[in-house]
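A.B. asks: A single structure is presented below for examination.
Since every read-out is calculated from the coordinates, none of them should be taken as a lab result. Just so it is clear, the structure is predicted and the values come from calculations on it, not from any experiment. Here the Cβ is made from the backbone with ideal geometry for all residues, glycine too, and neighbour counts use every protein chain on show.
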Amino acid sequence: MRKVAFINEKGGTCKTTLCVNMGAWLAAQRGRRVLICDLDTQGHAGKSLGLDVRGMTPTVRDWLDGAAPFEAVVRRTPVPGLELVPSNKGLSGFTVAAAADPARADRLRRRLAELPAGRYDLVLLDCPPSLSLLTENALRAATELVVPVALTYLALDGAAEILESLAALVEAHGEAPRVSLVVPALYRKTQLADEILEKLRERFPQELAGTALSWAVKIDEAQSHGMTIFEYAPASPAARMLGALADELDRRAPAG
Ligand SMILES: Nc1ncnc2c1ncn2[C@@H]1O[C@H](COP(=O)(O)OP(=O)(O)OP(=O)(O)O)[C@@H](O)[C@H]1O
Ligand SMILES: [Mg+2]
């Protein structure tokens, strides 16, 4: 089971967009059994899939706390083969409530290890825009990372932070997830964007995705309708880009 965290501490870098749409494509086009686990109090993964997550219970918080079993927490989505562990504001108390638990950073890792063998091919973790206990849980649980980097002036900072966190993990635990894909996001053809893209290519020669996700209003529109791009505008350039990125992640599956 691949466990892929979509992570960048900067906000609004397309983490959720990529997580939800790549998960939907992998389920629909490759027949993968995909679980998305929303780790953000904003609950945007569920909202993007048309689920009303406000006030929903139980959620990822209850699962991490051991207060609800997985079967009570997991929800079907409109996309066959794609399931969701939803989140909402209730997750905000997690950090304080878990503070006394010495294994607090391993809660998600342990819960994922308890899933029935063979139930999912991929678990995608939609991370919040911060370095918090939840991000720490994602980094400890994931075997791979997708790092979307918006091509704006400060964008490289977030990517640099991730590399620092990975180095700290290796130091502390002797292991860390590998970076499977660095995705240039919100691309617009400007000199600055191309310069940042070049820097990313230097820093991540192997990991940089072959497709950049351009700025496309259809993506925002799809989310506002609670639909994936493949339901909302299947023939659009945005759908082609997100499909190509999902295909790239599929092809970069670790051997074995
Ligand atoms: N390629 C794109 N073109 C235009 N708008 C986009 C694109 N990708 C995402 N968006 C919009 O930008 C906003 C932020 O995207 P998204 O929620 O995926 O980012 P995020 O990294 O998950 O944000 P957060 O850090 O808050 O979790 C959303 O409103 C989304 O619809
Ligand atoms: Mg998000």
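A.B. asks: Using a Cα-Cα cut-off of under 21 Å, which lysines could be cross-linked to Lys218, ignoring same-chain neighbours fewer than 8 residues away?
C.D. replies: Lys15, Lys47, Lys189
A.B. asks: List every residue whose amide H lies under 5 Å from the amide H of Cys14, counting only residues 5 or more places away in sequence or on a different chain, with H placed 1.01 Å from N in the peptide plane.
C.D. replies: none
A.B. asks: Cut-off is 10 Å between beta-carbons; in what order do Trp63, Trp215, Trp25 appear when sorted fewest neighbours first?
C.D. replies: Ascending number of Cβ neighbours within 10 Å: Trp215, Trp63, Trp25.
A.B. asks: Can I ask one more? For a quick check: with amide H placed at 1.01 Å from N, whose amide H comes under 5 Å from Ile36's, ignoring anything fewer than 5 positions away on the same chain?
C.D. replies: Under 5 Å from the amide H of Ile36: Glu83, Leu84, Val85, Leu124.
A.B. asks: Next up: What residue among Gly226, Gly46, Gly210 shows peak mean-square fluctuation when the chain is described by a Gaussian network model with Cα springs under 10 Å?
C.D. replies: Comparing Gly226, Gly46, Gly210 in a Gaussian network model of the chain, the most mobile one is Gly210.
A.B. asks: Taking the C-alpha atoms of segment 1-54, how large are the radius of gyration and the largest Cα-Cα span, Dmax, in Å?
C.D. replies: For segment 1-54, the Cα-based Rg and Dmax read 11.4, 32 Å.
A.B. asks: How large is Rg/Rh for the chain, to two decimals, with Cα atoms and a Kirkwood Rh?
C.D. replies: Result for the chain is an Rg/Rh of 0.94.
A.B. asks: Which far-off residues, 5 or more places away or on another chain, put their amide H under 5 Å from the one on Arg178, with H placed in the peptide plane?
C.D. replies: So Arg178 has HN proximity to Glu144, Leu145.
A.B. asks: Considering the convex hull of the alpha carbon atoms of segment 81-122, report its projected area averaged over all viewing directions, in nm², one decimal.
C.D. replies: 3.9
A.B. asks: May I ask for the longest run of the chain untouched by GluC sites (Glu not before Pro) that are loop-located per DSSP and have at most 16 neighbouring C-beta atoms (other than their own) within 10 Å?
C.D. replies: The answer is 1-113.
A.B. asks: Under a plain spin-label model, where a point goes 7 Å from the Cα along Cα-to-Cβ, how far apart in nm are Asp65 and Arg240?
C.D. replies: So the two model labels end up 4.8 nm from each other.
A.B. asks: Helix-only estimate, please: 222 nm mean residue ellipticity of the chain, summing -39500 (n - 2.57) across DSSP H runs of length 4 or more and dividing by its residues, to the nearest 500.
C.D. replies: Roughly -12000 deg cm²/dmol at 222 nm, from the helical runs in the chain.
A.B. asks: If you average the sequence gap of Cα pairs under 8 Å that are 6 or more apart and divide by the length of segment 144-215, what percent do you get for the contact order?
C.D. replies: 40
A.B. asks: Turning to a different aspect of this structure: Show me the helices of the chain, taken as full DSSP H stretches, that run 20 Å or more along their long axis by Cα and average -1.0 or above in Kyte-Doolittle hydropathy.
C.D. replies: 15-30, 155-173, 237-251
A.B. asks: Follow-up. Over the chain, what is the relative contact order in percent, taking alpha-carbon pairs closer than 8 angstrom and at least six residues apart?
C.D. replies: 26
A.B. asks: Quick check on the exposure proxy: order Phe204, Phe230, Phe70, Phe6 from fewest to most C-beta atoms within 10 angstrom.
C.D. replies: Phe70, Phe204, Phe230, Phe6
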